[in-house]
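Reviewing the structure listed below.
The values are calculated or read from the model by the stated rules, or taken from the named source; none is laboratory data. Computed from a prediction, not measured in an experiment: that's the story for all the values here. Here the Cβ positions follow ideal geometry from the backbone for every residue, glycine too, while neighbour counts run over all protein chains shown. For the accessible areas, the whole protein counts, side chains as well, though only heavy atoms, and no ligand, DNA or RNA atoms are used. Shrake-Rupley method; radii C 1.70, N 1.55, O 1.52, S 1.80 Å.
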Amino acid sequence: MPPDAAYAAVSRLSLGRLNLETRISYAQAAQLGPASDPAGTLAKEVAASLSSALGPICDSGGPAVWIIRRLDFDLAGGRSWEPGLVADALAEQLRAVLLRVLSGECSDIAIRFPDRAAYLAQFLADLVDGKTWDRWYYGAFAPLHPLPVGAAVRMVLEKEPGISFDILVRIAERGGLPRFLAGLGVADADRILAIVAEPNKAMPDMPVLVRICESLVGFDPPVALGGPKAMLEAMVRIGIATGLPAPVLMAGLRFVAGRLRTGGRASDRPEGRDRRAVPADLSAAARSTDVPTGGRLQSLLKQLAGRAKPGRKRSHAARAIDVDGIVTPRAGVFLLWRSVIELGLDPVFTAGCPAGLASARRQALAVALSGLNQPGAEDDEALRWLTLHEPDEMAAPALFADNAAAVQQALFATLTGLRPARPLHLVVQRVGDVSILQDALTQDWYHAARGAQSLPLPDAEIASVLVPGEMMEELPAALRRWEATPIANSTHVLFTERPGPRTETLAAAARALENLRPAGPDLDYLAGGRDPDAVDLSLMLFARAAYADVGRRLPGLTLSSAAYLGRNAVHGVGRLRINPSGSHADAEVDLSSVPFDFIWRMTGLGGTVYRLADGRSILLNMAGG
């Protein structure tokens, strides 16, 4: 069944608990006596009334999943009301409150996911990361709490076989697949393979095998097919690229894995010991009309077999330069780069780039992450090892000159995709002639441009936008058509698409302004003393996202500025040791002592290993850890 059909088949509303507190006057209670509590009778009437009142709302045909923490409301009725009338009035009141939630007015008590696959993907990713059980919107999964992580993951996927592969795809699209797989045991991964890919007796035809092999050849770093985790990773990544269903992918990958074990031989003759491994349609096609495709498949298999052989030479940039390591004042960049990888930012700013341009973009971001140490960062050997950027390769200028807006939009989609979907409350800050669009709640930066008219509205569900009153005439035309409401005791104006924002919405906007951190210090810090152009502004958005992620990992520093974190928690003189003796990582970074060492020790992140986009691994050694 297609995912959309699966969602449509289970449209429903589930009430975890309905508490009814009935209040009547003392005189009436005395007259009716102790047996007059209407709650029992009322409960019998409520179900039918709720079904009638809420059915049209909940059965809209959309796949969205809403989790609502609680709804509180009062209902005033007359003493002559019958239980059925009270139930109808209660259902209508609940309907009105629910409509307000679904319109985005109560984002603090409700969370919306695009569909069930997105909801379960977020749950499983948080489960593996150990961030699940303190989040109220996962209450439905409480029975899984005592179970090992692998067992809990299996149970969730086993209950949703029709969308299990889609769930893994959603995790991968958010950049969480490596962490997800790392949190599973081999036996768990093997069971999950059986869940997402039912046995497919029919071998994929040759064009499909060619598409699978082309995808494998294009992966950098290469994907080994030697175990269930690697097979799962390959299935998901190829599924995203090709749209092929999981059973077909499994059958094709098993065929390819078998061929790689035999050195990439893909004879089109069915004779010999390998006859059972050659699908009938493959050999027949190779003998008849599809000889070019058969040759293409054999060529791809040979390429894959060559990549799988051990002992490949490492690039010049990946070889050790000094047995004592490279001393660098920018060791903190390696700490920040962990966030670049875990947030999924690398594939965003290198999308569609050849190797040289991708390295140049990484180098430019590493320089932007250097904070006050940006001067001279281009010549830092440690950063060049990190980014594989050679001095004679493409320079950094004009990296995003042609597609700065598209890159910023892709960053916005990545950052908002890391959290459950919700209507966005945005705020605009102006620093000189630079306008910054950020999230009013998380304070993440989404867009930056010179002049407010160049600041686009993201392609998302937006509940409100807070703007300084002085900028009203400079705003994009699309935003000027919205309802504008001044904020009391403030120079800001709240724009909402729907007229007449509620009092609590205006109060929430006023609180957001009180908590808003000025953007100026971060803008100066990330610019490195330069007057930022469009390229610099795009890089600064990525750099600030990495700093913000580090802040969220440190207790009490969630909304700290990049400048504050850079001085107190990140930057200092450290050492990069490449291919260190006795280490299981390709490099180790000894980080400098910083004022907030004691906070870092509380996080337990010392000894963390992360993997770069090209497959190299880096181990972080915290000072004093």
For Asp74, the accessible surface traced by a 1.4 Å probe with all protein chains present amounts, in square angstrom to the nearest 10, to 140 Å²
Simple spin-label estimate for Ser583/Thr603, 7 Å along Cα→Cβ, in nm, reads 1.9 nm
Per the 1/(1 + (r/R0)^6) rule, R0 = 41 Å and r from the Cβ atoms of Arg511 and Ala406, FRET efficiency to 0.05 is 0.75
Amide H contacts under 5 Å for Val431, restricted to residues at least 5 apart in sequence or on another chain and with H modeled in the peptide plane, are Ile436
Here the gain from full extension of Arg179 to Ala351, 0.36 nm per residue of separation minus their alpha-carbon distance, amounts to 59.8 nm
In order over the stretch 342-354: 3J(HN,Hα) from phi, Karplus 6.51/-1.76/1.60, θ = phi - 60°, whole Hz, x for each Gly or Pro, gives 6, 7, x, 7, 4, x, 6, 8, 10, 4, x, 8, x
Packing-ranked peptide list from 487-495, 433-441, highest mean Cβ count within 10 angstrom first, is 433-441, 487-495
Extension length gain for Val186 and Ala89 (0.36 nm per residue less Cα distance), in nm, is 29.4 nm
Simple SL model, points at 7 angstrom along Cα→Cβ for Lys131 and Thr558; separation in nm is 1.2 nm
accessible surface per residue for the stretch 404-535, probe 1.4 Å, DNA/RNA/ligands not counted, whole Å² -> 45 Å²
Long-range amide H partners of Ala110, meaning residues 5 or more apart or on another chain whose placed amide H is closer than 5 Å, are Arg69
Contour minus Cα-Cα span, Glu474 to Lys302, at 0.36 nm per residue, comes to 56.0 nm
The long-range amide H neighbours of Ala585, using H built 1.01 Å from N in the peptide plane and a cut-off of under 5 Å, are none
Heavy-atom accessible area of the stretch 404-535 with neighbours in place, 1.4 angstrom probe: carbon+sulfur share in percent works out to 52 percent
In the neighbourhood of Asp531 defined by beta carbon distances under 11 Å, the net charge of the other residues (Lys, Arg +1; Asp, Glu -1) is -2
Sequence order, the stretch 459-465: Karplus ³J(HN,Hα) from phi using 6.51 cos²θ - 1.76 cosθ + 1.60, θ = phi - 60°, Hz rounded, Gly and Pro as x, gives 7, 7, 7, 10, 8, 7, 9
For Trp136 the rounded accessible area (nearest 10 Å², probe 1.4 Å, non-protein molecules ignored) is 70 Å²
Ordering 128-134, 211-217 by per-residue average of other C-beta atoms within 10 angstrom, highest first, gives 211-217, 128-134
Calc'd 3J(HN,Hα), the stretch 414-431, phi into Karplus 6.51 cos²θ - 1.76 cosθ + 1.60 (θ = phi - 60°), Hz, glycine/Pro = x, comes to 5, 5, 6, x, 6, 10, x, 5, 7, x, 8, 10, 10, 9, 10, 10, 10, 10
Protection proxy (average C-beta count within 10 Å per residue), highest first, orders 89-96, 174-181, 577-584, 230-237 as 230-237, 174-181, 89-96, 577-584
